[in-house]
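Throughout, read-outs are computed from the coordinates displayed, never taken from laboratory work. Since the structure is predicted, the reported quantities are computational estimates derived from the model, not experimental observations. Glycine gets a Cβ as well: all are built from the backbone with ideal geometry, and neighbour counts include every protein chain shown.
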Amino acid sequence: MTDDAAVRDAIATLRAAGVDSPEYDARALAKHAQATGTDFADLVGKRAQRTPLQHLVGSTGFRYLDLEVGPGVFVPRPETEVLVDAVLAAIKDMTRPLVVDLCAGAGTIGFAVAHERPTAVVHLVERDPRAFEWLQRNAPRDDTDSRVHLHLADAAAALPELDGTVDVVASNPPYVAEHERELVDPEVRDHDPEAALFAGDDGLDVIRVVAATAARLLKPRGLVAIEHSDRQGDAVPQLLKETDHWDEIADHEDLTRRPRFATARRAEAAT
């Protein structure tokens, strides 16, 4: 058993190492050590070196799900929950909505939507083979399996068979600009896959791809929802305005009141 003194020492160690949530992390590691027989001091040492907590315990909670994560896949963040709320609101009155999650990673958006909207048909697209292994690992094994579809594919060319039929396209794509590397926490910069983080000189390279694919997939009045950094609250809506594909373009804040994701409707007569 991990005693209170060991947990207090762990909190002090993690705080000195610059960990943002030392109390929570120390207690989570203690619980994991007790459940698995893993050496608590070893876990604390790795966390102090800024190995992500989620890698050490093997999973992370997201809304009502527990998703397995580790090296090779982007660790879901709570900021994405507000984007899921927007997707669920958009499909709440639909009988059998069709939703696509581009750059799906561990399945954060797509699996949450499938879980919380039992009639939704959800396609999840991920191009990186290592991340796709985590996507497969997190795929539902109950009766949702028949309406949840996984695709190892590039977002740019994915799902041509669904062109013009999709109700919502959602994505949490890479959006960190190359010059912003030093702004990224060590847990993210040193452990999440580079391909899931960085997206060119302005951080918009993959968002451009997602927007173009969404314009192809969506039916008229279908919704696109794209997560972005808190520094892109103007840039992403402006990107969407640069073509005639979209109207009702808007940007939205996360729970910390920071710009977090953009939405738009597929224009009726866009070309």
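Computed from the mean reciprocal separation of all distinct C-alpha pairs, what Kirkwood hydrodynamic radius does the range 139-188 have, in Å?
Taking every pair of different Cα atoms in the range 139-188, averaging 1/r and inverting gives 14.7 Å.
Can you order the peptides 42-52, 4-14 by their average number of other Cβ atoms within 10 Å per residue, highest first?
In descending order of packing, they fall as 42-52, 4-14.
Within 14 Å, Cβ to Cβ, of Leu159, how many net charges do the neighbouring residues add up to if Lys/Arg are +1 and Asp/Glu are -1?
Around Leu159, the charge tally is -3.
Sum -39500 (n - 2.57) across every DSSP H segment of at least 4 residues in the chain, then divide by the residue count to get the 222 nm mean residue ellipticity, nearest 500.
-10000 deg cm²/dmol
Mind checking the angle between helix 129-138 and the chain's longest principal axis? C-alpha axes, 0 to 90 degrees, to the nearest 10.
The angle comes out at about 80 degrees.
Report, to the nearest 10°, how far helix 4-16 tilts away from the longest principal axis of the Cα atoms in the chain, using its own Cα long axis and a range of 0 to 90°.
So the helix axis and the longest Cα principal axis differ by about 60 degrees.
Given just the C-alpha atoms of the chain, how large is their convex hull per residue in cubic angstrom?
Hull volume over Cα atoms, normalised by residue count, gives 128 Å³.
I'd like the projected area of the range 4-49, averaged over all directions, using the convex hull of its alpha carbons. Report it in nm² with one decimal.
2.6
If you restrict to DSSP beta bridges whose two residues both lie in the chain, what percentage is antiparallel, to the nearest 5?
45
Report the per residue volume, in Å³, of the convex hull enclosing the C-alpha atoms of the range 161-271.
Convex hull of Cα atoms, per residue: 106 Å³.
Would you please give the FRET efficiency between Asp20 and Glu268, computed as 1/(1 + (r/R0)^6) with r the Cβ-Cβ distance and R0 = 41 Å, to the nearest 0.05?
0.35
Using a Debye calculation, one point per C-alpha and no hydration shell, please list log10 I(q)/I(0) for the range 1-116 at q = 0.11, 0.20 Å⁻¹ in order.
-0.46, -1.01
Give the angle, between 0 and 90 degrees and rounded to the nearest 10, that separates the Cα long axis of helix 205-217 from the longest principal axis of the Cα atoms of the chain.
Tilt relative to the chain: about 50 degrees.
Please check: in the Gaussian network model of the chain (C-alpha springs, under 10 Å), which one of Thr38, Thr80, Thr213 has the largest mean-square fluctuation.
Of Thr38, Thr80, Thr213, the most mobile in the Gaussian network model is Thr38.
If r is the Cβ-Cβ distance from Arg221 to Glu180 and R0 is 35 Å, what FRET efficiency results, to the nearest 0.05?
Efficiency, rounded to the nearest 0.05: 0.50.
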